[in-house]
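Read-outs: derived from the displayed coordinates by stated rules, not from any lab. Just so you know, these numbers come straight off a predicted model, no measurement behind them. All Cβ positions, even for glycine, are placed from backbone atoms using ideal geometry, and neighbour counts span all protein chains on display.
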Amino acid sequence: MTNPHATAGAAFLIRTLTPADDLSGIMAVQYATWGHADAVVPHQIIAAMRNGGIVIGAYAGTRMVGFSYGFPGYKDGKAYLCSHMLAVLPEYRYNGLGRQMKLAQRQAALEKGYDLVTWTYDPLQAPNARLNLSKLGAIVRTYVPDYYGAMSDAINAGLPSDRFVVEWHLQSARVVAAAAGGPLPAAPTWMDAPHVNDGDIKSEGMWPELGRGSPRLVVLIPAQFQAVKEQDLALAQQWRKLTREIFLHYFARGYAATDFWADARYGYYLLEHGDPLAGAGF
């Protein structure tokens, strides 16, 4: 029987998984991404599947090369899908597969009755920001310092696990438009908005201009934060401290992160004041 969420694109087959599927590929992708210590085991994934969760697998031929895993969440009287993991094998990254899996997740979530999906990501990871805000139409209004506590995997070790909480309002105009696709701009016009910080984090005058109150503001991060961390952990810790201060300050004052763009050196968040969803809420 053909899976209703199976889609072919860029040589990949993407489909929802069931408890009857072989989940060993999910384990292999987890190990390649985060190592063995923090992997989610198959019986936990199956329990989520049987209780409103959604798991998506991406295949190149018969080999699973990526997956997403989400379970039901509930907060302030609202049910939503908590998308806990999305990962792709290293050799298959940066070719649009992550977006394809998220769009398959969106379709499956809508069919289960969800209209909101949430997940977390490190605000200093530019590729994640580009996917979540620019390509998927999600927004961020919440910053949580040290969300998961100390983490020992290769990506997260050495820094507090600060996270953005993403809101993906599946039927909002911005998400519908993003799902329809289309080329992203070479450089967005909002780059002319006042910048809260610059890229010279080692200078004495680097610390942010928290008094800025324009309707639109721009926040810089490194374009290659993982490389910064590997080369200079103290500098990476400075970036964490700086950006934590900025985002906590402006989110508390009614701003939301609504877009992202990057060049070779820096990533640029757009912060906009007011509710970008006109009352969708979370």
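For G267, nonlocal amide neighbours, meaning residues 5 or more places apart or on other chains whose placed amide H falls under 5 Å from its own, are I221, A223. Under 5 Å between amide hydrogens, built in the peptide plane, is the criterion, and for Y148 it picks out S161 among residues at least 5 positions away or on other chains. If R0 is taken as 25 Å, the Cβ-Cβ distance between A179 and D76 corresponds to a FRET efficiency of 0.45.
In summary, the convex hull built on the alpha carbon positions of the stretch 204-273 has an orientation-averaged projected area of 4.9 nm². As a calculated quantity, the FRET efficiency between T62 and T18 at R0 = 22 Å, using C-beta atoms, amounts to about 0.85. For the stretch 132-224, the Kirkwood hydrodynamic radius comes to 16.2 Å, computed from all pairs of different C-alpha atoms. Separation of the stretch 56-86 from the stretch 145-182 is 13 Å, based on Cα centroids.
The three principal axes of the Cα atoms in the chain give end-to-end lengths of 61, 42, 37 Å, sorted in falling order.
Can you give the calculated 222 nm mean residue ellipticity of the chain, where each DSSP H run of n ≥ 4 adds -39,500 (n - 2.57) and the sum is split over every residue, rounded to the nearest 500 deg cm²/dmol?
Working: 7 runs with 71 residues, N = 282.
Result for the chain: -7500 deg cm²/dmol, rounded to the nearest 500.
Of I45, I26, the sequence from fewest to most neighbouring Cβ atoms within 10 angstrom is I45, I26.
Here K78, K102 are placed in order of increasing Cβ neighbour count within 10 Å, fewest first, which gives K78, K102. Counting neighbouring beta carbons within 10 Å and listing from fewest to most, the residues I54, I201 come out as I201, I54.
The convex hull of the Cα atoms of the stretch 10-49, projected and averaged over all directions, covers 3.5 nm².
With a Förster radius of 25 Å applied to the C-beta separation of Y148 and A264, the computed FRET efficiency comes to 0.25.
Defining a contact as two alpha carbons under 8 Å apart and six or more residues distant in sequence, what relative contact order in percent does the chain show?
RCO, the chain: 14 percent.
Dimensions of the stretch 1-89 based on its C-alpha atoms, expressed as ranges along the principal axes with the largest first, amount to 42, 34, 23 Å.
Note on the stretch 115-282: with charges restricted to the Cβ of Lys and Arg (+1) and Asp and Glu (-1), its dipole about the Cα centre is near 140 debye.
Does anything in the stretch 118-136 have its amide N under 20 Å from the 7 Å Cα→Cβ label point of L210, and if so which residues? Residues 123-124 qualify, since their backbone N sits under 20 Å from the label point. About its Cα centre, the dipole of the chain is roughly 520 debye, where the only charges are +1 on Lys and Arg Cβ and -1 on Asp and Glu Cβ. Summarising the amide proton neighbourhood of G73: residues at separation of 5 or more, or on other chains, whose placed amide H is nearer than 5 Å comprise Y80, L81, C82.
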